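**Student:** This is the structure I have questions about; it appears just below.
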Amino acid sequence: MLPSGVANRLLAALPAADLDLLAPELEMVTLDRDAVVSRAGDHTEYVFFPHSGAVTVMMDMANGQTVASAAIGREGAVGTFSVLGPSPAVVTAVVRAAGTASRIPTARFHAAFSRSPAIRHAVQMHFKAMLIQFQVGGACNALHPVQARMARWLLHLRDRIDQDTLPLTQEALSQILGVRRTTVTLLMRNLRASGAIRSERRGEIEVDSSRLAAAACECRDTMRLEVEEIFSGNAASSRVSALPT
């Protein structure tokens, strides 16, 4: 069942008739912090549409190291890449901030996807947004200092949960950034000195978003503006398609 006033932007962008193709199979679930909703190497069982909270897409390397390649909140979905084919997932999706989501079995989602041009268009929007994160994030990882990257990631997660207190540990940040815990400790000290981080308690980091933005690279704004343009363009096309003929 869907909540009143659908918070997930992909579901909210669907015309009522197309949303009805998914609604009977959608199940509201809780996204618990640190839960793994999809694991690399496994077949995707469900597609998740977050209404709140934040999920990071993690690349797992053979030596045990990890690095985040994207963040997903209510603007996107987890598991939609399964429509490209039946191969196992190549990334792991980890809940970083608890929330709720509507989930649907993959087979049911594929059936609706094949029937509905609007659902296919929504998935295309999501793919575009993810591709922007992958491309810009890859360049950022190669070219920008790690402190600017950490500020960017803190802002990514802040944007998705709409609050300045982030449910993050230093260990989680080291996994997201692909750096050692000692490096995260040093970066946190620097950001605290600049006022970008107001406080850090066990499992929580309180940030000053304006000062954090000054410490971040331009990649955060680039990603956010590109995603907003995708959704704005879709809203315009939806208004046109909804006009009577």
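The values are calculated or read from the model by the stated rules, or taken from the named source; none is laboratory data. Remember, predicted model here, so these are calculated numbers, not experimental data. Using ideal geometry, Cβ is built from the backbone for each residue, glycine included, and neighbour counts are taken over all protein chains shown. In case anyone asks, the SASA skips ligands and DNA or RNA and just uses the protein heavy atoms, side chains included. Shrake-Rupley method; radii C 1.70, N 1.55, O 1.52, S 1.80 Å.
**Student:** Taking 0.36 nm per residue of sequence separation and subtracting the Cα-Cα distance, how much length would be gained by fully extending the chain between Arg108 and Glu206, in nm to one decimal? Could the numbers behind the result be given before it?
**Tutor:** On the way: separation 98, 0.36 × 98 = 35.28 nm, distance 4.01 nm.
Full-extension gain reported as 31.3 nm.
**Student:** Beyond 21 Å, what percent of the Cα pairs of the range 95-219 remain? Please list the in-between numbers first.
**Tutor:** Details: 3745 of 7750 pairs.
Value for the range 95-219: 48 percent of Cα pairs lie more than 21 Å apart.
**Student:** Same structure again: Please report, in whole Å³, the volume per residue of the convex hull around the C-alpha atoms of the range 59-106.
**Tutor:** In the range 59-106, the Cα hull volume divided by residue count equals 105 Å³.
**Student:** Where only protein heavy atoms count, and the probe is 1.4 Å, what is the accessible area per residue for the chain in Å²? Write down the numbers at each step before the final one.
**Tutor:** Details: 12010 Å² over 245 residues.
Accessible area per residue: 49 Å².
**Student:** Build a GNM of the chain with springs between Cα atoms under 10 Å: which of Leu31, Leu225, Leu154 gets the top mean-square fluctuation?
**Tutor:** Of Leu31, Leu225, Leu154, the most mobile in the Gaussian network model is Leu225.
**Student:** Once the dipole of the chain is set up with Lys and Arg at +1 and Asp and Glu at -1 on Cβ about the Cα centre, which of Ala214, Gly41, Gly137 lies farthest towards its positive end?
**Tutor:** Ala214
**Student:** Moving to a separate point now. To the nearest Å, what is the center-to-center distance of the range 129-201 and the range 1-70, using C-alpha atoms only?
**Tutor:** The range 129-201 and the range 1-70 have Cα centres separated by 22 Å.
**Student:** First obtain the Kirkwood hydrodynamic radius of the range 102-150 from its Cα pairs, then insert it into the Stokes-Einstein equation at 10 °C and 1.306 mPa s, and state the resulting D in µm² per second as a whole number.
**Tutor:** Details: Rh = 13.1 Å.
It comes out at roughly 121 µm²/s.
**Student:** Another question, if that's okay. Distances over 11 Å make up what percent of all Cα-Cα pairs in the range 6-46?
**Tutor:** Tail of P(r) above 11 Å: 75 percent of Cα pairs.
**Student:** Just name one of Leu154, Val179, Ala122: the one whose Cα is farthest towards the positive end of the charge dipole of the chain (beta-carbon charges, Lys/Arg +1, Asp/Glu -1).
**Tutor:** The residue sitting farthest along the positive end of the dipole is Val179.
**Student:** Label point 7 Å out from His43 along Cα-to-Cβ: which residues of the range 110-130 have amide N under 12 Å?
**Tutor:** Inside the label zone: nothing.
**Student:** Relative to the compact globular guide of 2.2 N^0.38 Å, what is the alpha carbon radius of gyration of the range 26-105, as a ratio? Present the calculation step by step, with values, prior to reporting the outcome.
**Tutor:** On the way: Rg = 11.9 Å, N = 80, 2.2 N^0.38 = 11.6 Å.
Against the compact-globule rule of thumb, the ratio is 1.03.
**Student:** Moving on to the next point. Roughly how large, in nm² to one decimal, is the mean projection of the convex hull of the alpha-carbon atoms in the range 51-153?
**Tutor:** On the way: hull surface 30.1 nm².
Computing the convex hull of the Cα atoms and averaging its projections yields 7.5 nm².
**Student:** Also, I was wondering about something else. Over the range 71-223, what percent of the accessible surface lies on carbon and sulfur atoms, probe 1.4 Å? If you can, show how the numbers build up before the last one.
**Tutor:** Values: 3530 of 6710 Å².
Ligands and nucleic acids excluded, carbon and sulfur reach 53 percent.
**Student:** Describe numerically, in nm with one decimal, the distance between label points set 7 Å from Cα along Cα→Cβ at Arg115 and at Thr30.
**Tutor:** Each label point is offset 7 Å from its Cα along the Cβ direction, giving 3.2 nm.
**Student:** Give the relative contact order (percent, whole number) for the range 9-149; include only Cα pairs under 8 Å separated by 6+ residues.
**Tutor:** Numbers: 245 pairs, mean separation 47.4, N = 141.
The value is 34 percent.
**Student:** Another question, if that's okay. In Å, what Kirkwood hydrodynamic radius results for the range 149-226 from the alpha-carbon pair distances?
**Tutor:** On the way: mean 1/r = 0.0807 Å⁻¹.
This gives a value of 12.4 Å.
**Student:** Could you work out the helix-only [θ] at 222 nm for the chain, with each DSSP H run of four or more residues adding -39,500 (n - 2.57) and the total divided by the number of residues, to the nearest 500 deg cm²/dmol?
**Tutor:** Details: 9 runs with 116 residues, N = 245.
Rounded to the nearest 500, it is -15000 deg cm²/dmol.
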